[in-house]
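Remarks on the structure that follows.
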Amino acid sequence: MVKSTLLLSLPCVLAAVTLVRGANPSMRGISPEHYDLYAPLLQNGESTWKCLDKSKTIHYSAINDDYCDCPDGSDEPGTSACPNSLFYCENKDHIPAYIKSFAVNDGVCDQSCCDGSDEFNGLTSCPNICKQVSIEFKKYQAELNNIQSVGILAKQKLLDAAEVIAEGWLQEKAVIQQEIDFKYADLDNLKRELEILEKAQIKHTPIEKFDNAKTIKQARKIALLQRHILGLQDDIDVLVSILHDLKNDHNHNYHDMAVKSAISGYDEFIETYEDYKTTIEKDLADIEDSSEDFITDEYEVDEAEADVPENSEDELSSEDVAAKEGNTRPKESLLNKVVSVLPSGLKTRLDKLLSKENADVNESTVKSSESALESTRKAYDDLNSDISNQEQKLENINEELSKDYGHNREWLTLKDVCVEKNEGEYTYSLCILGTAYQKSNKDSSRTNLGRFEKFAGTVESGAKDRYHEHLHSHGTRCWNGPERSVRAFFECGAETEILEVSEPEKCEYHFRMRSPAVCETPHIPSEDKDVKLAEGEVEERLHLHEEL
């Protein structure tokens, strides 16, 4: 019976001990979970206590005696004697909190201590408003959670859109790179053709002697056909890949005749496809090799012919003379016979006509050669310019792909999206990753506040990471002051918007903004376990209990 009575009374005893410790001034300003850190030690019959940094041992009665004994300030958790200490506010019916010790008994009811426990000296009366604060906090928390939920969905849309844009860049990059490779091959053919035509003009050789100019044009046509074949080959490979995935990933329990027919056709095709593909690649390689060899041989032959000096008939061998005579056209032979029997006067006139005809023929040949040269040179220059433009496009795409648009390019879709905020005298606007402006609502004049320079978020500025703060700099210089600049601080929101604008320093503007780009999965703190520290500071000494 006695044992049963003791067991029933044990909870009451523990509760009484807790009340005594809570009422004990030495326990003031200490959270219940840290009571054990402030338990007394018996030394030589006296109650002592060791500072939490273990630097010093003091008499137990010196705790909260309004005199700072410990270097770390741990002996004065419930007074303002140690400036580096923290005061615990129980805040029953709400969330516990810590405030800096210098705010204890300072005559001001601290908002973080809604129970008024920080003003216990009786000089200032601070009512317990924790119930009202809790209601307002829960309402605010619900609104914030709703904003974050909607913002997270909006952010996912930003990420999806950014992925599409980036994928488009990659595809465009691959196409441009392939075009550049083909055009360089065409440029090489045009270069060889241009060299032949220039050599023909220098040596005054009729263009007909350089038959390989036509061969090069034919080779260019072959190269174009090769390009088309390779393009079709790529398309076939894509279709083969799609059918391969369809065969592996389709639902075998779902009997779709169209799918089965496609898979059956794929199985029949794939049996001979690899051999067919190998044959095509071999034929293309043979065509390319034979084309290049033929062009080279023709070029060497014509170059040799072009280097032969124009000898007189006396210097030619009998075989050359015979060949030359054999090549004389019939109408020229007949004309010579007729001329030989004409009177001298008529012969002179005819000689002049023949000379004029030969001159016209030579002039026509020269003009034809010059026209071909000019046309080929223009084609070469145009193609070279086209390649330069394509390479510039490629460089621009590579630059965009390498730019910093956030952890997952969340800012890419918002780039150059502009938002405004009317603040009465002025309307402020900011374009994401662009320029910020201030517009007068009186005369509509605009002032440049700066252009985006970098993501500038730091722990000191209160940002979770650098993407939460944007710096816009080098705006219009203030009269007798610095260049204007903007620091945009972003918090999670369903839409990108400016909430408020301030100017803490001359010509330095602060924009408080919302955007889904900075939304993260919300973490809702537990009211029973989590405590918020004043100004976000976490003191290491509060975690010493785990180390002791």
What order do you get for 179, 167, 497, 460 when you list them from fewest to most C-beta neighbours inside 10 Å? 460, 167, 497, 179
Only Lys, Arg, Asp and Glu count, each charged at its Cβ (+1, +1, -1, -1), so figure out the dipole size of region 418-523 about its Cα centre, rounded to 20 debye. 320 debye
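Distance check, please: which entries in 183/378; 183/393; 56/100 exceed 18 angstrom between their Cα atoms?
56/100
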Highest mean first, what order results for 452-459, 137-144, 27-34 on Cβ atoms within 10 Å? 27-34, 452-459, 137-144
Computed on alpha carbon atoms, what radius of gyration and Dmax characterise region 418-523, expressed in Å? 13.7, 47
R0 of 51 Å, Cβ-Cβ distance residue 408-residue 46: FRET efficiency to nearest 0.05: 0.25
Of 467, 489, 434, whose Cα points farthest to the positive end of the dipole of region 418-523 (charges on the beta-carbon: +1 Lys, Arg; -1 Asp, Glu; origin at the Cα centre)? 434
So for region 13-128, what are the equivalent ellipsoid semi-axes in whole Å, largest first, each being the square root of 5 times an eigenvalue of the Cα gyration tensor? 24, 17, 12
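Could you size up the charge dipole of region 13-128 around its Cα centre, putting +1 on the beta carbon of Lys and Arg and -1 on that of Asp and Glu, and report it in debye to the nearest 20? Could you put the intermediate results ahead of the total?
Details: 7 positive and 17 negative charges, 50 e Å.
The dipole magnitude comes to about 240 debye.
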Counting only other residues whose beta carbon sits under 12 Å from that of residue 391, what net charge do I get with K and R as +1, D and E as -1? -1
With 10 angstrom as the radius, rank 236, 63 by how many other C-beta atoms surround their C-beta, starting from the fewest. 236, 63
Dipole of region 13-128, positive end: most advanced residue of 109, 57, 32 [Cβ charges, Cα centre]: 57
In region 370-450, the chymotrypsin sites (Phe, Trp or Tyr not before Pro) that sit in a DSSP loop and have at most 16 other Cβ atoms within 10 Å of their own Cβ are none
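Just so you know, all these numbers are worked out from the coordinates, no wet-lab data involved. These numbers were taken from a predicted model, which means no experiment stands behind them. Every residue, glycine among them, receives a Cβ derived from its backbone with ideal geometry; neighbour counts consider all protein chains shown.
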